[in-house]
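Read through the structure below, which is laid out as structure tokens, and then see the notes.
What follows draws every value from the coordinates through simple rules; no lab data is involved. Quick caveat, the model's predicted, so the values are computed rather than measured. Positions of Cβ are generated from backbone atoms using ideal geometry, with glycine treated the same way; all protein chains shown enter the neighbour counts.
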Amino acid sequence: MIRTLIFVGAALFVVPLATAQEAQQRLTPSDIEALAQGGAGAGTSGLAGIRTTVLSGDPSKPGLYTIRLTVPANTVIAAHDHADTRSAVVISGTWYFGYGEKHDEAALKALPPGSFYTEPPGDPHFARTGDEPVTLYITGTGPTDTTYVNPADAPH
């Protein structure tokens, strides 16, 4: 938390200052649905069809952020990594997620709703959805990015 020192006469007060990332926030599912949604934003695979909603912070700037990703059914995401440490929770659908420098079906683990996983910085990973879309909440410390192991796999 950011704090400032204020002198009043001879007394010194330490006053907390809330930043945009520390502001109190309570969102119901319908509140989240009402937030602006965009295509694949900062910290996503960049694939067409992915919807990103920023829940807190700004993934393109320094500081803590949380984004909601909705990935369409039958989407395959090639091996890539991110500069920041990230953690994620599967909200709906089954997310098939694996670690490694190339997409390997045998290395995927099925993560049903309620599952948790991490994306360490610089650690390549890959994923896919099945016959249903998947919604994830991802939290990290920006700025984030996405670098594909094989640049030819990056969306153009």
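The number of residues in the stretch 78-134 that are surrounded by fewer than 17 Cβ atoms within 10 Å (Cβ to Cβ) and among the acidic types (Asp, Glu) comes to 6.
Considering each of ALA48, ALA79, ALA73 in turn, give the residue that is over 17 Å from the mean Cα position of the chain (by Cα) and of a type outside the set (Asp, Glu).
Criteria check complete, one pass: ALA73.
Checking every residue in the stretch 103-125 against the condition of being within 13 Å of THR44 (Cα to Cα) and among the acidic types (Asp, Glu) gives at least one match. None of THR75, THR44 is crowded, with 20+ Cβ neighbours inside 10 Å and not aromatic (Phe, Trp, Tyr) except THR44.
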